[in-house]
Each structure stands twice: as structure tokens, then as C-alpha cells.
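One structure is given below, encoded as C-alpha cells.
The values are calculated or read from the model by the stated rules, or taken from the named source; none is laboratory data. Given the structure is predicted, the values throughout are model-derived calculations rather than measurements. As a convention, Cβ positions derive from the backbone with ideal geometry for all residues, glycine included, and neighbour counts pool all protein chains shown. The protein model used for the area step is the full one, side chains on, heavy atoms only, and it has no ligands, DNA or RNA in it. Shrake-Rupley method; radii C 1.70, N 1.55, O 1.52, S 1.80 Å.
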Amino acid sequence: MKDKELKEALKAYFNFEEFRDPQKEIIKSILNKKDIIGILPTGTGKSLCYQLPGILLPGLTLVISPLVALMKDQVDTLNRKGVPTVSLNSHLTPKMMREAIEGIRDNRYKIIYMAPEKLFSDDFKEVVKELNIDLIAIDEAHCISQWGHDFRPKYKKIALGLEGLKKRPIISAFTATANSKVIEDIKNLLKLKEPRIYKTTFDRPNLFIEVKLYEDKMKYLLQYMSTIKK
């Protein structure tokens, strides 16, 4: 896909004028069917890197995340944008779960969010084999590694849970931080094929921290607030 078309899709679905570095490069790699590892600090737009390809690719995108609150926020946002999205997590009642899986079987959704444990549940592990999945996105991918700071056993078995799919999807893994050991674990445990690695620094040129000492803190605060208003 050409850069102009990507920018048009970015504007149409997310109302952004420009990509942040390295969002465009990651998205183009995914659309070119390359596995990737994205190590991007919190707040730099990791979710866009799999949501936009998920919209543009013809098949389904499966997003695996351990954070229910984050899933709900992203699912609600995508649905408001007209992208049919559903979440499978432990907060759903049995009836809600059955209805969600029925909707997945009926191809009502474009993007599916789910907890890693759901890959191995009896009501979903057979359904997933029937689906036309183009992209798997693993959020908080450091959880795959015992060296990560939030290890979860089911993350380590994601590749096993994906066995038996109709075809091998593109696999993308995202995290805010990962040392060399964690990166190797992500590569090996997800069975990535020559993944392209994108890593940015924590430097945010639009943010800074400044420490000042004032005897009259309230006076300084009021002066500063009056400056902001101007």
C-alpha cells in the first residue's frame, strides 16, 4: 500500500494527519506480511500499529492482551469508529460469551480482543481453527518471558494455542520495554520468522521535567497558571 493511501486510512479511521515514528514502518511491514517486534514506550501509539493493519487486511485480526480494562477501552473506541470489534475475557457472563463466539462464527467482527487463557478454553479453541486470521497481535509481549516483569504462563504457550489454524498468520508482538533476553524469548516462544525489530527510545521531545525551588509555592503556581491561560 502506498504512503498516500495509508495516510488517507489514518485520517479516515483515527482522524490523525501524520504517523508517529516508527508507526508507518511497522504498519507497512505487517501489510507486507512480515513478523515484527515493536518495543515502543507507553503513549507512543502501539495499538495503532496493529489496529490499522487489522482494518486494512482482508481477514480477521486477533489481539491477545492481559489487560481487560485496556481491551474494553480499545474495543469501545473501534466500535465507535465503525470497526466491528469484540472482546473475549473473564468479565463476560456465560451468555455474553456464547453470543460473542456465535458472532465470531458468523463473521460479524473484524478485530477480536482476547485474554491469552481464552486460546485454550473449550468453547474457543476449536472455533479459532475455523477462522480466516490474517494477523495476530500480542500486546504486553514481555509477559511471554520469565525474564519479563509480569510473567504469565499462558503467554509462553501462545504458539501452541495457534497450532491448527487454516494458515499461518502474520505475528506481531508489542511491549514498552524488553531487554535482549526478553526479545530472544519473544522470538523463540512465538516462533517468529525473521522478525523485523522496531525499538524507540524514551525520549519525548514534547515533554520535559523541570525542578524549581520557590519559597512561595502558591504564588508561583498562580503565576504559572496565568501564563498558560495566555
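Numbers for the structure displayed
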item	result
Helix axis angle, 46-56 relative to the chain longest principal axis, alpha carbon, degrees	50
Area projected by the alpha carbon convex hull of the chain, averaged over all directions, nm²	16.1
Of the GluC sites (Glu not before Pro) in the range 50-138, those whose Cβ has at most 11 other Cβ within 10 Å and which sit in DSSP loop	GLU126
Among beta bridges that DSSP assigns inside the chain, antiparallel share in %, nearest 5	0
Cα-based reach from LYS217 at 28 Å (exclusive), listing lysines while leaving out same-chain residues under 8 positions away	LYS229, LYS230
Ranking by accessible area, most exposed first, for THR42, THR93 with a 1.4 Å probe	THR42, THR93
³J(HN,Hα), Karplus 6.51/-1.76/1.60, whole Hz, each residue of the range 69-79, x for Gly, Pro	4, 5, 4, 4, 4, 6, 5, 4, 5, 5, 5
Surface share of carbon and sulfur [accessible, 1.4 angstrom probe, percent] for the chain	53
Size of charge dipole - the chain - debye, nearest 20, with Cβ of Lys, Arg +1 and Asp, Glu -1, no other charges	280
Structure-based [θ]222 nm, the chain - -39500 (n - 2.57) summed over DSSP H runs of at least 4, per residue, nearest 500	-11000 deg cm²/dmol
Anchor LYS187: aspartates and glutamates whose Cα lies under 12 Å away (excluding residues fewer than 8 positions away in-chain)	ASP35
Per-selection Kirkwood Rh - the range 1-115 (Cα, Å, 1 d.p.)	15.0
Cβ-Cβ FRET estimate between LYS81 and GLU25, R0 fixed at 35 Å, reported to 0.05	0.90
Distance (nanometres) between label positions extended 7 Å along Cα→Cβ at GLU210 and THR177	2.7
Inverse of mean 1/r across different Cα pairs in the range 67-179, Kirkwood, Å	14.9
